[in-house]
Amino acid sequence: MVIEGGLFMLTCRQATQLLSEKQDRPLLLREQSGLQLHLLACRSCRRYSKQIKTISQLSKAFKSFDG
Ligand SMILES: [Zn+2]
């Protein structure tokens with residue numbers, strides 16, 4: 001689905017995919033904004049986004065703990 005301004009409305013699958021890719025690479029502006037938009041509209045992906053942040057913070061903390 002394309003909305004005004006040429007932004008794409010992501011599916012939940014695409015949104016979660018982007019959320020995990022975001023851990024490994026910077027997202028394109030286009031991807032960022034699509035993702036933000038999806039997160040505004042979708043509660044379950046917002047929850048997933050929180051989880052993935054927590055997990056990545058934890059794994060960073062463990063890494064620095066190991067040295
Ligand atoms: Zn979603």
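Here are the numbers for the structure shown:
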{"read-out": "Residue in segment 31-41 that is polar (S, T, N, Q), touching a strand residue (DSSP E or B) at 6+ places or on another chain (Cβ under 7 Å) and either loosely packed, with under 11 Cβ neighbours inside 10 Å or more than 15 Å from residue 13 (Cβ to Cβ) (or both) present", "value": "yes"}
{"read-out": "Subset tally (residues that are of a type outside the set (A, V, I, L, M, F, W, C), in contact with a Ser or Thr (Cβ under 7 Å, 6 or more places away or on another chain) and away from the ligand (no atom under 11 Å from the Cβ)) for segment 18-55", "value": "1"}
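Each reported figure results from applying straightforward, stated rules to the coordinates on display, with no laboratory input. Nothing here was measured: the structure is a model prediction, and the numbers come from that model. Ideal geometry is used to build each Cβ from the backbone, glycine not excepted, and the neighbour counts take in all protein chains shown.
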